[in-house]
Amino acid sequence: MVNVKRNRGSGRTERDEQFHDFVADRRGHLFATARLLTAGDAFLAEDLVQTALTKLYVSWAAFRRADNPDGYVRRVLVNALMDERSRVWRRFERPVADLPERSGSGVTADDGDPELSRALRELPPKMRAAVVFRFFYDLDVAETAAALGCSDGTVKSQTARALDKLRAALEQPDSPVRPSPPVLQRIQQQGMSS
Amino acid sequence: MMDLQTRFQRLGGPIEAASAEVIEADLARGHRAVRRRRAAQAIAGSAFGIAAIVAAFSFIAATSGDGSGTRRAPAVAESATSGLRLVDYGGTQPKYFTIDRVPEGFFIQNDDEGGLTIAPDSARNPGPEIDPSKSPLYNPRDLGGKIGIYLELKSVRDPVDGAKVTTGTHQAVMHPIGPTWQLLISVSPDVYATVQFDVPLSREQMVEIGAGLHVHQDAIDRMAASANEGKGTND
């Protein structure tokens, strides 16, 4: 049962207060994760964060009861990614002029690393999410599988393929930078041994 | 040389604190979603009772009257709360689909490789005071307040959470996205025909629209072929 106890003075419920604190503390991190999951698309990342936060608010009691709240949030974010991708308007390239204004959200059109963005965009969303969670956030195979809603084996194969594809894309002759071999080796070894 | 982890960090960008306005906007979206969810639940609950009444009426009509036993059920189904009624679609059929039923007063706003957009008549002729480029209602690729129909690969969508239903001869899943619903109809081993509803229809009405959707085989084959092309990249 969702707690609807009201906080006297502000008119907010206890859920409102808890959600407010959560957003204040975690929104920036969520946006950074969403930006990686969307291959650097800051606008889609903002959509993703808004969708995920709305779902969290609606299911706040379940989120608070979750044994692993961080895992719960990751799953919501990945589900939002898959749902967003499925919407028709996401299938079309949107000219910058069509993008909505998001004043105050801190969203900019700068994608930080166009070459890496392009390489990530070539990966299917789940594969991209696998490499982001495994590699960047250093989650283990089980945690990544929980976030993606798939098996451990799929996480291992998706991560390995993602790294192969990223390496191939970033090792093109015109690429000024490349992934560091020891890091790739570490992830591949983890993938094999986990 | 910059390593991949550093590049990921740069792509993710700095961790910025959310402004008070952004937090309030998130909270307001949460409030709206809760209200719409409650309204949708009320519609679904009411519609179940109405559907039972309509079913009983249809049975009586079919077994009485002219005695032929072949009288058709009423051609119109009505949402108990929204007032939206389903009617037979009488316009030009789209390129890749045939549709039998639409909400009354809705038309096909967009029909292309990306799928269909079925919008309310108010999207047809914006008044002089409206700038269509600034209103999503007039953007045929925006599905807010509309129905979208498109094909997608199961390998991309699965697993899909939701209640299992049957639409015509196909199995389907009712998948909620906040206040919006998606009906994912399994039209082949590899392909879903997804109907996205961002309009206040009952569950029975959504299933009825799904049952009246017929996807042309060449469209299914083309979408399935793209799955085969992608094999080896998607587990």
From the cross-link list B:Lys95/B:Lys154; A:Lys156/B:Lys164; A:Lys165/B:Lys164; A:Lys55/B:Lys164, the entries with a Cα-Cα span beyond 32 Å are A:Lys165/B:Lys164
Shielding of A:121-133 by other chains, given as the mean Cβ count within 10 Å, works out to 2
The summed charge of the B:Glu208 Cβ neighbourhood (under 10 Å; Lys/Arg +1, Asp/Glu -1) stands at 0
Placing each pseudo-label 7 Å from Cα in the direction of the beta carbon, B:Gln93 and B:His214 end up separated by a distance in nanometres of 0.5 nm
Here the convex hull volume per residue of the stretch B:81-230, taken over Cα atoms and given in Å³, is 125 Å³
Packing-ranked peptide list from A:118-124, A:65-71, A:53-59, highest mean Cβ count within 10 angstrom first, is A:53-59, A:118-124, A:65-71
Phi angles of the stretch B:179-194, converted by Karplus (6.51 cos²θ - 1.76 cosθ + 1.60, θ = phi - 60°) into ³J(HN,Hα) in whole Hz with x for Gly and Pro, give x, 8, 10, 10, 10, 9, 9, 7, 9, 6, x, 10, 10, 9, 9, 9
Note to self: C-alpha centroids of the stretch B:1-22 and the stretch B:84-119 sit apart, in Å, by 43 Å
Here, B:Thr166 and B:Thr6, labelled 7 Å along Cα→Cβ, have an inter-label distance in nm of 6.2 nm
Label model pair A:Arg118, A:Asp25: point-to-point distance (7 angstrom along the Cα→beta-carbon line) in nm is 4.1 nm
Length gained if A:Asp70 through A:Arg12 is fully extended, taking 0.36 nm per residue and subtracting the Cα-Cα distance, is 18.4 nm
Rounded to the nearest Å, the spacing of the alpha-carbon centers of the stretch A:116-132 and the stretch A:8-42 is 24 Å
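Bear in mind that the values in this text are calculations on the coordinates, not laboratory data. These numbers were taken from a predicted model, which means no experiment stands behind them. Counting neighbours? That spans all protein chains shown, and the Cβs are built from the backbone with ideal geometry, glycine included.
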